[in-house]
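The values are calculated or read from the model by the stated rules, or taken from the named source; none is laboratory data. Since the structure is predicted, the reported quantities are computational estimates derived from the model, not experimental observations. Here the Cβ is made from the backbone with ideal geometry for all residues, glycine too, and neighbour counts use every protein chain on show. Quick note on the areas: whole protein, heavy atoms, side chains included, nothing else; ligands and nucleic acids left out. Shrake-Rupley method; radii C 1.70, N 1.55, O 1.52, S 1.80 Å.
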Amino acid sequence: MSTLILTPEAMYQGDLILVSAAYPCHPLPCPDLVTVAGTQVLLENRAAQALDRLMAVIGGWEGITPVSGWRAQEEQEAIWADSLAENGLAFTQTYVALPGHSEHQTGLAIDLGLKGNHIDFIRPDFPYQGLCQDFRRAMARFGFVQRYPAGKEAVTGIGHEPWHFRYVGQPHAAIMEARGLTLEEYIPWLREFPYESCRYQEKNARISFLRANPQGPTVLERSDPLPCAVSGNNVDGFIITEWRQAHGETDQVRRP
């Protein structure tokens, strides 16, 4: 038996936090950031490593370039204001998240574009063919999802963005892809699998939801010695991923 004490702040950290118009970023320490593909674009370290492995498999950096990764609050404010002045309110609300409500502020999201003489910073070209589609076919194996797909605009509150990808880790990316779920849909779906009584089985992983204690720290009692990862969801609790076999990035207990 082991006991993990999850602080209230931990609910706002981890690979599976939902950041949207309804759920803002919380003022937390800056993530562990590294540069991507020799550019000035920054991404959370583990997400950047997974992206590099993906690109190595498909030869992605030969034709794809990072456009935008982590953004500070001030940068998001400037992007919002510039787009508002240049493109108007309707365009800006469709393609630019409100400052404080942008995934880019987590370090887990990246915009990618085809290399070219001119790359649109807000809407880079990332077509559903060629090398870009090779990226999409491989992304779930490396923990990435296309965050704002077509047909889900009413769910996400953001327009279709073929260029915007989010690191959620494994096996979550594979499950979301297989079930056609956005993060807005995945978070409530996981509530069907409470930690105390039910776990979703996915190959060598078991996934469950633990509701946060609204009065203080949340206690996670573990009777199973399986390696596990814990992520807050930025909404109401924690997602527990337990591995029945050692699994690369999660072969030790990881807390948000």
With each run of n ≥ 4 DSSP H residues scored as -39500 (n - 2.57), what mean residue ellipticity at 222 nm is computed for the chain after dividing by its residue count and rounding to the nearest 500 deg cm²/dmol? -7500 deg cm²/dmol
³J(HN,Hα) across the range 15-24 via Karplus (A = 6.51, B = -1.76, C = 1.60, θ = phi - 60°), whole Hz, x for Gly/Pro? 5, 10, 5, 8, 10, 7, 4, 7, 10, x
Which ³J(HN,Hα) values, rounded to whole Hz and listed in residue order, are derived for the range 229-243 from phi using the Karplus coefficients 6.51, -1.76 and 1.60 in 6.51 cos²θ - 1.76 cosθ + 1.60 with θ = phi - 60°, glycine and proline given as x? 10, 10, 10, x, 10, 6, 10, 8, x, 10, 10, 9, 10, 10, 10
Which of these, His101, His164, His26, has the largest mean-square fluctuation under a Gaussian network model of the chain (Cα springs below 10 Å)? His26
Based on alpha-carbon centroids, what's the gap between the range 85-101 and the range 170-188 in Å, whole number please? 26
The chain: angle of helix 73-87 to the longest principal axis, Cα-based, in degrees nearest 10: 40
Quote the accessible area belonging to Arg191 in square angstrom, nearest 10, computed with a 1.4 Å probe and with ligands, DNA and RNA left uncounted. 80
Can you figure out the FRET efficiency of Glu75 with Ser197, using R₀ = 41 Å and their beta-carbon distance, to the nearest 0.05? 0.40
